[in-house]
Amino acid sequence: MLREVFGYDAFRGQQAEIIETVVAGGDALVLMPTGGGKSLCYQVPALVRPGTGVVVSPLIALMQDQVDALAALGVRAAFLNSSQSLDQRREVEAAYLAGALDLLYLAPERLNVADTVRLLKGGEISLFAIDEAHCVSSWGHDFRPDYLALAMLHDQWPDVPRIALTATATAATAAEIVTRLRLDDAAQFVASFDRPNIEYRIVAKDNPRTQLLTLLRTEHAGDAGIVYCLSRKSVEQTAAFLEQQGITALPYHAGLDAGVRARNQSRFLREPGLVMVATIAFGMGIDKPDVRFVAHLDLPKSVEGYYQETGRAGRDGAPATAWLAYGLADVVSQRKFIDSSEGDAAHRRRLSAHLDAMLALCETVECRRVQLLAYFGQAAEPCGNCDTCTSPPQTWDGTVPAQKLLSAVWRLADRRQRYGAGHVVDILLGQATERVTQLGHTDLTVFGIGTELDAGEWRSVVRQLLAQQLLGVADGYGTLMLTPGSTAVLRGERTVALRREAPKTARSSGRRKSSVAAAAVALDGPAEAVFERLRAWRSASAKEAGVPPYVVFHDSVLRQIASDAPTSLEALGAVSGVGANKLERWGAAILDVVADQPPTSAER
Ligand code: ADP
Ligand code: ZN
């Protein structure tokens, strides 16, 4: 199946073991990072075992693309969801009952309907695949209540193997999936979560849009990428800003009309080099291979969320950038969000712990990758491909500045007023602003005792003390407060190590002229010309078939074809990624393009 249908030579990582388990009728839980190759783990068994593989997925907007991609491989796939007309649904149901489907994609809410269970009982099921299985976790960032009902699959179809898959990897999430989906007997497969081709960078937020623009212009001109913002408003403003700067950018958030969202998503998948500016409503299941950067303009709420979002970059294995700008205001607004969130104290504590872990990642002086993987319980060596590795931040003894700052906070504490970081820093710098003067704060003993640092450096001290939990935020207004840890610092019982911000120009612009060209097979002049012809051909064929270009062939496959310059269908079929169906459909046309012949044979 792997060779014939998918055109690949070998399984990757644990795919073979996972597939053997499921083919033999066993349950499996698969934790694998984005781009790791999860789909094959249920697609191959569904083709091998008799009956239809039922895939439960929350990604309604992507089902059409998924089914189209399978159709291009010659796999008989269909979906049932609320976007269809009654007639369309009837047609799919009839095909299922007739045993004419290899794979059937379902939205989870369908399984809560008795009719669907009755329908499924009328056919033969080879397996259940529960995709994005972390959606069953009520504490996670993608909770879907409908997933809870999936526990019934075990009772209703005790003999049908179930495979649950997710790219969210903490042990806590895995344990929750096992309990809630009743996967106690499932074999667990945990892949390495490292994504070595992604470069992680976290910078202090200064003027975020300008910083973003610099990143796009100097390192990612013409590249496809995703920019994440927290609010709908900032999504729209950022997209408009990029457009003004001549960068084609599309907005995406839950407040946009469904038609607009579908159109923007489809354009992002089909047209090269677009920037999607989005809230986290966008991205789950997006399998566009050549996303070259993921930029965050606001602090993500958890390390899990951050890792999922950044994981959408570089699925093709070529170099990609994960870039995040964060500042004090992010910390304040997230504390406010946590304080005002629904749920009990335990829930708020959990949200707080997520934020603290995210802050610790931002302020670490160690390799970001080591820290990220440690969060998922995996060990790693310093990677050489993150900002802290390539320009190690210096650490300095910040005990005295920390004491100054904390005593200023302490002196302001009982005045029943709200003083954010800006006011405290003004006092330390001895700036007699209107507010400082009005409040009589020029008389405080701490007034003007902190002139050894500038305002930016003080803000960095505040952020780092927050990250180390030596300082807290009392409310949604950013009022600073002391924490249990502050006392030891004030008493001189512990020292405080701080990181010095890397100089802003740390990165030479244009270090990487074309990140894509750096990937995989290097092509010489003539082969490069063939590659360009193949891309043009792919673009036209994809348009004609109404699918994204990468559904026809990935760049890496076209590159290999250009490099091999096959002259026979047999040689072409030997290229990894060229399966039997694609060979039959497009093989002759490709050989013509390689030979630079005008097309002799029309497409089948
Ligand atoms: P995931 O669902 O884990 O994010 P996918 O299933 O989309 O990842 O796979 C990522 C990419 O890797 C896809 O383009 C897929 O075709 C490719 N791939 C998966 N398994 C193999 C393999 N054994 N050999 C070659 N390519 C593979
Ligand atoms: Zn590193």
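Residues satisfying the criterion are absent from the stretch 75-94 (criterion: hydroxyl-bearing (Ser, Thr, Tyr), within 30 Å of residue 578 (Cα to Cα) and in the same structural domain as residue 177 (by TED's automatic domain parsing)). Residues of the stretch 290-325 that are of a type in the set (S, T, N, Q) and more than 14 Å from ligand 1 (Cβ to nearest atom): 302, 321. If you go through the stretch 439-455 and keep only what is surrounded by 13 or more Cβ atoms within 10 Å (Cβ to Cβ) and either part of a helix (DSSP H, G or I) or touching a Ser or Thr at 6+ places or on another chain (Cβ under 8 Å) (or both), you end up with 441, 442, 446, 455. Taken as a whole, the structure places residue 180 among residues that are crowded, with 16+ Cβ neighbours inside 10 Å, over 20 Å from residue 37 (Cβ atoms), touching a helix residue (DSSP H, G or I) at 6+ places or on another chain (Cβ under 7 Å) and basic (Lys, Arg).
Would you call residue 342 away from ligand 2 (no atom under 16 Å from the Cβ) and farther than 18 Å from residue 304 by Cβ? When the stated conditions are applied, residue 342 passes them. Among the residues making up the stretch 289-336, those that are under 23 Å from residue 221 (Cα atoms) and among the polar types (S, T, N, Q) are 310, 321.
If you check 374, 325, 320 for being closer than 16 Å to residue 306 by Cβ, within 19 Å of the chain's Cα centre (by Cα) and more than 16 Å from ligand 2 (Cβ to nearest atom), only one passes: 325. For the stretch 260-278, the candidate set comprises residues that are among the small types (Gly, Ala, Ser) and assigned to a helix (DSSP H, G or I); within that set, the residue that is farthest from residue 550 (Cα to Cα) is 262. Name the residue that is nearest to ligand 1 (Cβ to nearest atom), counting only residues in the stretch 183-213 that are outside any loop (DSSP other than H, G, I, E, B) and hydroxyl-bearing (Ser, Thr, Tyr). By that ranking, first place goes to 200.
Out of 254, 320, 240, one residue alone is of a type outside the set (Phe, Trp, Tyr), in the same structural domain as residue 386 (by TED's automatic domain parsing) and buried (at least 21 other Cβ atoms within 10 Å of the Cβ). It is 320.
If you check 436, 409 for being outside any loop (DSSP other than H, G, I, E, B) and within 43 Å of the chain's Cα centre (by Cα), only one passes: 409.
The combined condition, being small (Gly, Ala, Ser), more than 16 Å from ligand 1 (Cβ to nearest atom) and free of Cβ contacts under 8 Å to residues at least 60 places away in the same chain, is fulfilled by residue 357. Within the stretch 377-386, restricting attention to residues that are of a type outside the set (A, V, I, L, M) and more than 10 Å from ligand 2 (Cβ to nearest atom), the residue that is farthest from residue 321 (Cα to Cα) is 377. Condition first: within 16 Å of ligand 1 (Cβ to nearest atom) and part of a strand (DSSP E or B). Can you find one or more residues in the stretch 326-334 that meet it? Checked the stretch 326-334: no residue is within 16 Å of ligand 1 (Cβ to nearest atom) and part of a strand (DSSP E or B). Taking the numbered list (1) in contact (Cβ under 8 Å) with a residue 60 or more places away in the chain; (2) more than 18 Å from residue 549 (Cβ to Cβ); (3) not in a strand (DSSP E or B) in turn, residue 306 passes all entries but (1).
The C-beta contact set for the stretch 319-341 (first residue more than 24 Å from residue 294 (Cα to Cα), second residue not acidic (Asp, Glu), distance under 6 angstrom, 6+ apart or interchain) comprises 335/473; 336/476; 338/348; 338/351; 338/352; 339/476. Residues in the stretch 470-498 that are in contact with a Ser or Thr (Cβ under 6 Å, 6 or more places away or on another chain), within 27 Å of residue 337 (Cα to Cα) and either surrounded by fewer than 21 Cβ atoms within 10 Å (Cβ to Cβ) or acidic (Asp, Glu) (or both): 472 alone. Of the candidates 409, 365, 370, 425, the single residue that is hydrophobic (A, V, I, L, M, F, W, C), at pLDDT 90 or above and either within 16 Å of ligand 1 (Cβ to nearest atom) or closer than 21 Å to residue 494 by Cβ (or both) is 409. Scanning the stretch 135-145 for residues that are at pLDDT below 90 and either under 14 Å from residue 308 (Cβ atoms) or assigned to a helix (DSSP H, G or I) (or both) returns 137, 140, 141, 142, 143, 145.
Checking every residue in the stretch 343-351 against the condition of being farther than 21 Å from residue 471 by Cβ, away from ligand 1 (no atom under 16 Å from the Cβ) and in contact with a Lys or Arg (Cβ under 8 Å, 6 or more places away or on another chain) gives zero matches.
Within the stretch 387-396, if we keep just the residues that are in contact (Cβ under 8 Å) with a residue 60 or more places away in the chain and not hydroxyl-bearing (Ser, Thr, Tyr), the residue that is farthest from ligand 2 (Cβ to nearest atom) turns out to be 396. Scan the stretch 112-165 for residues that are crowded, with 21+ Cβ neighbours inside 10 Å and under 20 Å from residue 42 (Cα atoms) and the total you get is 21.
Listed by first and then second residue, the pairs with beta-carbon distance under 7 Å, at least 6 apart or on different chains, first residue in the stretch 528-556 and free of Cβ contacts under 8 Å to residues at least 60 places away in the same chain, second in a loop (DSSP other than H, G, I, E, B), are 531/523; 538/553; 553/577. Evaluate the following for residue 534: is it in a helix (DSSP H, G or I), touching a Gly at 6+ places or on another chain (Cβ under 7 Å) and closer than 25 Å to residue 317 by Cβ? Against the criterion (in a helix (DSSP H, G or I), touching a Gly at 6+ places or on another chain (Cβ under 7 Å) and closer than 25 Å to residue 317 by Cβ), residue 534 does not qualify.
The values are calculated or read from the model by the stated rules, or taken from the named source; none is laboratory data. Quick caveat: nothing in here was measured; it's all calculated off a predicted structure. Positions of Cβ are generated from backbone atoms using ideal geometry, with glycine treated the same way; all protein chains shown enter the neighbour counts.
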